[in-house]
Every structure is written in structure tokens, then in C-alpha cells.
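Structure record follows, encoded as C-alpha cells.
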Amino acid sequence: MWKGRFSEDTAEVVLRFTQSLDMDWQLAEADIRGSKAHVRTLASAGLISAEEEAALIRGLDQVLEEVKSGKLKPQIELEDVHMNVEARLTELLGDVGKKLHTGRSRNDQIATTLRLFLRDQLIQIGSKLKAFLEALLDRAESHIDFVVPGYTHLRRAQPISMGHYWMSHFWAFNRDFLRLKAAFEALSECPLGSAALAGSTLPLDRKLSAKLLRFCKPTENSIDSVASRDYLADFHHFASLFAVHCSRLAEDLIIYNSDEFGILDLPDAFCTGSSIMPQKKNPDVLELVRGKTGQILAGYVDLAVTLKGIPLAYDRDLQEDKRGLMRTLQTLHGMLDVLTPLILRVEVNAKGASKAFDDGFIFATDVAEYLVLKGIPFRMAHELVGKAVKWCLSKNKGFSDLSLAEWRNLIPQIDEEMIANLNPRSSVERRNTYGGTSFAEVRRQIKEGKKLVEDA
Ligand code: ARG
């Protein structure tokens, strides 16, 4: 394409090193969409005739057909998707094809193509994320009445409704949904018509291009248009936090499903076995969710490091933005596709969960707060209950083994009513502060969550 300036052919190793077809051939549809809008803009500027416009549009449609059917094979001598499409178009149309790139550079072209492509991807990911949020709501609703141990420092802390647990993840993922929307909004301006970096001497109506491609408006500055990739960074930011949240969820499910905890059951269809140990049922899917999160974080760092050192406007470094993008997209789709149906089939192991309540120590805060209601300052109550725990441990007993007389011996203010309340259900029921684990509060959260997802 640039042979006029050169007196020898590009070296074979350079062709292989500089090509981007392994990353951008999948952008062909978006690229051709952008080209068709450019053709319309050229026609409206009187730079091509109506017949040429029609021929170019028909030609581009045909090239797209050939890409889709696999008939058109990209050639590395033509470097990237843009030049492969243009070369094939010229093959089909002759000299008319040579008018396509009028007033355009691959710099504004790729910036436009990437935005179009990512916009479609974000719509798909958004609907998958919505289904994922619905799966969490479904579990929260089904498991609201199961009381399980809640943990801090991975030590039994206080009883919670399993519905509350699922909702805790729901809210984090709902914020990810908002981040996804923000990343989508970052794609609302159209760079087409910025050309190489400075705009064009040709009378291109950038507002028309923007409108044809369903952007809100053209970008404000032609240098920024071709140099910036922060809209990709916004996407990576969403993807990274989403993956981190998936990884934490996966880690919890692995632990809660372990032989030692035994609180949750995972569906057989989403677990794998061992090639040697016949008894094993392993949570490999969840481990891979945790494992693949690293790749997604790496994609974010990769892009940020690329951007930090390059001078404005366009530099070829930017071509590499697609490698991390494609990998992150693939990993994200994979995670969402497998996690939603898995979550929908997670069940509570009520027997396993109840073991955590056997010794009754998980109600220690309940006792201390009960004493506060009897007028004892919290710090004193804390110490009294702590001493009671210590005494029990030394006698090899749990709170649940203590008679009223033994309790009173340790803490005289304790009465029958309080002892009757030391059970998982009333412990949960009584934690009824806004956003707390009480059944009523969890029901309120689910209602709120459902409304948000429906309106999303
Ligand atoms: N393949 C290139 C990319 O993905 C297109 C832009 C090339 N521009 C250039 N001036 N070499 O970034």
C-alpha cells in the first residue's frame, strides 16, 4: 500500500512480526460497518458519485460475506484486517475500490472499529451478567431460611441466613454491572474522520459518520481520537473487578463445599473426578475461575503499561491493545457461561451447616448484647462472656451443654429467656438492623435487588 516510498520489499520476518491478523481478523464485521459509514460520508461530501457509493457498499457487503463463509483468507503481506478488506474490495471493484480510504487513516479506522466491536461485546456481556445476577437472586430466595455460620478470618463468627450470603455477592456484582454500563458509555463518541491525527482537508461531515454508526457525537479532538485507549482501560477495569469478585465467590464455594466445612453441595455436572482416587469429586470449575482471574488482571496491567510510555498521537504499540482485549473477552465469556448454571444448582447441606452450631460458641456475641440490654456496659459483657468461653473450654464443654445454673454461676444476669434465644434461627431473626441478616431484611434486599435487575 505504501510501495511508492520504498525501494525494497518488506522482509519476511518483519511481515510476521508486525501483522495483527491473529487478533483483528475477528474485527472484520465491525471494520466493514465503519467503512460503509465512511462511504456514505464520502458520498455526502461529493467526493464519490452515487454509483461509486452503491458499488462500494455492495463490494463491502460481498467482502463481509466472504469473510464470514471463510472464503476470504487473510494474507500476512497485507498486515491487518483493514488492508486485507481494502485489497479484496479493490480486487472486486477495480479503481473504485481505491477511493475507500479517501480522507481516512488506519489510525481513526481502528479506533472506530474497536469501539464498534467492543460496544457489541459489552451488550452481550451485559445480558450474561444480568442472568448471573438473576441466578444469585434465585439462590438467595431459595436459601433464605437456611441458617449457616458466617465467617471472619475464616473462623466461625455469627449465624447468618444463606440468603444473606448470596446477596452479599449480589451487591458486589451489581456494582460491576454499573461499571460495565460506565464502560459502555465511554464508547459513545465516534473518532472516524480524525484521519491520521490532524483531521482532513476534505469536507467530511463527522457528525454524519457518528450518526450513521449510532454514536452520540464525534470526538472533540483528532489527536486524542487516535491516541487514546482509555475506553479499553474502562472495560479492563470492569473485567478485572468482576473477575476478582468471581474469584472470591469461587474460593468461598470451594471452602464451603470442602469435606472439612461441608456447608454446600455442588452439582456433579459441574465437578470433575480424579484419574487415580475413585472417591474424589473436585471443584475444578471454581478453581479455574479463580485461576483465570490472573489473566484478566494481566490484561489490564498490560494495556496500562503500554499506554504509559507512548508519545501522542498513534504509535504501533497500540496494535497490541487487541491481544489482551481478545483474551479477556474470551475468558469473561467462559466464566459467565459456566458460573450462572453452576450457581443455580448449588445447594445448602443443612446437616453440615448445623455442625457449626453444636458447641454454641457462635452465639457469644448474642449473649454479650443480651447483657447490654440488661444494663451491663459492653466491654464488661464482652469480658464476662469471654471468661465463660474459657471456662467451657477448660471443662471440655460448649455453651449448649450449660444448664441455667451453670450459666448463672458464670454470669448471674443470665435468664431463661436468653438461653431459649441461643439458637440459629432467633440469632438471625434478631439481627434486624438495616442491611443485617434477619430474614425480613434479606427479603427486603432481594426485593430491592430484583427491581434493580429488572430495570437494568
Ligand atoms: N493494525 C493497526 C492497529 O491495530 C492499525 C493501525 C495502523 N496504523 C499505522 N499507522 N501503522 O493498530
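Readers should treat all values here as calculations from the given coordinates under stated rules, not as data from a laboratory. Note that the structure is a prediction, hence the values are computed from the model and not measured. When we count neighbours, we look across all protein chains shown, and the Cβ atoms used for this are built from the backbone with ideal geometry, even at glycine.
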Determine the distance separating the Cα centre of region 379-404 from the Cα centre of region 318-362; give it in Å without decimals.
-> 38 Å
Pairwise centroid distance, computed over Cα atoms, of region 140-196 with region 87-123, Å | 37 Å
For Lys181, counting only aspartates and glutamates whose alpha-carbon sits under 12 Å away and dropping same-chain residues fewer than eight positions off, the answer is Asp234
Calculated from backbone phi, Karplus (6.51, -1.76, 1.60) coupling profile of region 285-295 in Hz, x at Gly/Pro = 4, 5, 5, 6, 4, 4, x, 6, 4, x, 5
Return Tyr151, Tyr434 ranked ascending by Cβ neighbour count within 10 Å, so the fewest neighbours appear first.
-> Tyr434, Tyr151
Table column - 3J(HN,Hα) (Hz), region 341-356, Karplus curve with 6.51, -1.76, 1.60, x for Gly and Pro = x, 5, 4, 4, 10, 6, 10, 7, 9, 4, 5, x, 5, 5, 4, 5
Charge-dipole axis of the chain as Lys and Arg at +1 and Asp and Glu at -1 on Cβ define it, positive-most pick from Ser427, Gln109, Gly4 = Ser427
Full-stretch length increase - Val244, Ser127 - with 0.36 nm per residue and alpha-carbon distance subtracted = 40.2 nm
Quick one: of the DSSP bridges fully inside the chain, what percent are antiparallel, nearest 5?
-> 80 percent
Using 14 Å as the cut-off for backbone N distance, which residues of region 1-26 belong to the label zone defined by a point 7 Å from the Cα of Lys98 along Cα→Cβ?
-> 1-4
Determine, from the Cβ-Cβ distance of Ala420 and Ser142 and an R0 of 25 Å, the FRET efficiency 1/(1 + (r/R0)^6), rounded to the nearest 0.05.
-> 0.30
Grab the beta carbon distance between Glu66 and Leu178, set R0 = 35 Å, and tell me the FRET efficiency rounded to 0.05.
-> 0.30
Computed ³J(HN,Hα) along region 245-256: with the Karplus parameters 6.51/-1.76/1.60, θ = phi - 60°, integer Hz and x for glycine or proline, the list is 5, 5, 5, 5, 4, 4, 4, 4, 5, 4, 5, 5
How many Lys pairs in region 1-146 lie less than 28 angstrom apart by Cα atoms, where the lysines are 8 or more positions apart or on different chains?
-> 17
Per residue of the chain, what 222 nm ellipticity follows from adding -39500 (n - 2.57) for every DSSP H run with n ≥ 4, rounded to the nearest 500?
-> -20000 deg cm²/dmol
If you stretched the chain out fully between Lys3 and Met380, how much longer would it get, using 0.36 nm times the residue separation minus the C-alpha to C-alpha distance?
-> 127.1 nm
Where the centre of each part is set by its Cα atoms, how far does region 1-43 sit from region 263-302, in angstrom?
-> 40 Å
Would you kindly state how much longer the chain becomes between Glu287 and Arg58 on full extension, computed as 0.36 nm times their sequence separation minus their alpha carbon distance, in nm to one decimal?
-> 77.6 nm
How far is helix 106-142 tilted off the main Cα axis of the chain, in degrees rounded to 10, range 0 to 90?
-> 20 degrees
